[in-house]
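Trainee: Below is the structure I would like to discuss, written out as structure tokens.
The values are calculated or read from the model by the stated rules, or taken from the named source; none is laboratory data. Bear in mind that the values here come from a model prediction, so they are computed numbers and not experimental data. With ideal geometry, Cβ positions are generated from the backbone for all residues, glycine too; neighbour counts draw on all protein chains shown. These accessible areas exclude ligands, DNA and RNA; they are computed on the full protein's heavy atoms, side chains included. Shrake-Rupley method; radii C 1.70, N 1.55, O 1.52, S 1.80 Å.
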Amino acid sequence: MSLTAHFIDNDWMLQKKVINFCQVKSHTGKNLTRMVESCLSSWGLTRVLSLTINNATSNDKTIEYMQKRLMSWNRLVLNGNYLHTRCCAHIINLIVQEGFKEDITTICRVHAAVKYVKSSPSRLSKFMECVAHVNIEYKSLVRLDVETRWNSTYLML
């Protein structure tokens with residue numbers, strides 16, 4: 001889990017700081033709340049406007065628990081009306097992954113071809129020879145996609 005704080009400093013400049021980066025062994029709402037709460041306390045953060053998280057069910061519980069906890073400490077900005085901000089990158093990834101399901105056969109074939117080429121130095125070398133032979137001016141190596149990053153599938157294609 002990575003926690004970043006975004007804030008306006010005394011000179012009215014936007015600041016962004018990573019305040020925690022740790023392994024999470026249990027993704028329950030209560031456990032995530034404890035971890036976020038501990039981090040906020042250790043950094044002495046006294047006011048929270050929002051938490052941006054993905055759409056996992058445990059994160060909904062985390063927001064629910066955090067809202068109650070922060071409300072009891074009188075640390076919520078605007079009564080917590082904006083506490084839960086959904087991660088738009090995660091939402092876009094879900095949308096794109098659904099769209100990929102429409103023509104998954106083609107994507108799987110390209111994925112298999114890229115994996116085949118990248119699995120051997122001699123295959124990759126032969127592939128690069130073919131690229132040079134047909135005068136393709138693309139200098140980057142072939143890329144294999146990563147399921148959780150929609151843009152990697154785009155780059156692979």
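Trainee: Looking only at the stretch 138-157, count every residue that is open to solvent by 80 Å² or more (accessible area, probe 1.4 Å) and part of a strand (DSSP E or B) and tell me the total.
Mentor: Selection size over the stretch 138-157: 1.
Trainee: Quick test for you: out of ARG75, ARG86, ARG69, pick the one residue that is within 17 Å of the chain's Cα centre (by Cα) and of a type in the set (Lys, Arg).
Mentor: Working: ARG75 fails: within 17 Å of the chain's Cα centre (by Cα); ARG69 fails: within 17 Å of the chain's Cα centre (by Cα).
That would be ARG86, the only listed residue that is within 17 Å of the chain's Cα centre (by Cα) and of a type in the set (Lys, Arg).
Trainee: Further question on the same structure: For the stretch 90-108, what are the residues that are surrounded by 13 or more Cβ atoms within 10 Å (Cβ to Cβ), closer than 13 Å to THR153 by Cα and not hydrophobic (A, V, I, L, M, F, W, C)?
Mentor: The answer is ASN93, GLN97.
Trainee: Checking the structure you have, find out if any residue of the stretch 82-91 is without any contact (Cβ under 8 Å) to a residue 24 or more places away in the chain and more than 30 Å from VAL36 (Cβ to Cβ).
Mentor: Of all residues in the stretch 82-91, those without any contact (Cβ under 8 Å) to a residue 24 or more places away in the chain come to 88-89.
Next cut, more than 30 Å from VAL36 (Cβ to Cβ) only: none.
No.
Trainee: Let me ask something else about it. State the number of residues belonging to the stretch 29-57 that are in a loop (DSSP other than H, G, I, E, B) and farther than 21 Å from THR148 by Cβ.
Mentor: If we filter the stretch 29-57 for residues that are in a loop (DSSP other than H, G, I, E, B), which is where we start, we get 43-47, 49-50, 54-56.
Those still in the list that are farther than 21 Å from THR148 by Cβ too: 43-47, 49-50.
Qualifying residue count, the stretch 29-57: 7.
Trainee: Given the criteria surrounded by 15 or more Cβ atoms within 10 Å (Cβ to Cβ) and over 30 Å from ASN20 (Cα atoms), does HIS111 qualify?
Mentor: Working: surrounded by 15 or more Cβ atoms within 10 Å (Cβ to Cβ): yes; over 30 Å from ASN20 (Cα atoms): yes.
Against the criterion (surrounded by 15 or more Cβ atoms within 10 Å (Cβ to Cβ) and over 30 Å from ASN20 (Cα atoms)), HIS111 qualifies.
Trainee: So the check is Cβ under 8 Å with 6+ separation or different chains; which pairs have a first residue in the stretch 114-143 that's within 18 Å of MET156 (Cα to Cα) and a second one that's open to solvent by 100 Å² or more (accessible area, probe 1.4 Å) and not in a helix (DSSP H, G or I)?
Mentor: VAL114/ARG143; VAL131/TYR138
Trainee: Applying the selection to the stretch 80-137, what residues are at pLDDT below 80, assigned to a helix (DSSP H, G or I) and basic (Lys, Arg)?
Mentor: If the condition is that a residue be at pLDDT below 80, assigned to a helix (DSSP H, G or I) and basic (Lys, Arg), then LYS101 is the only one that fits.
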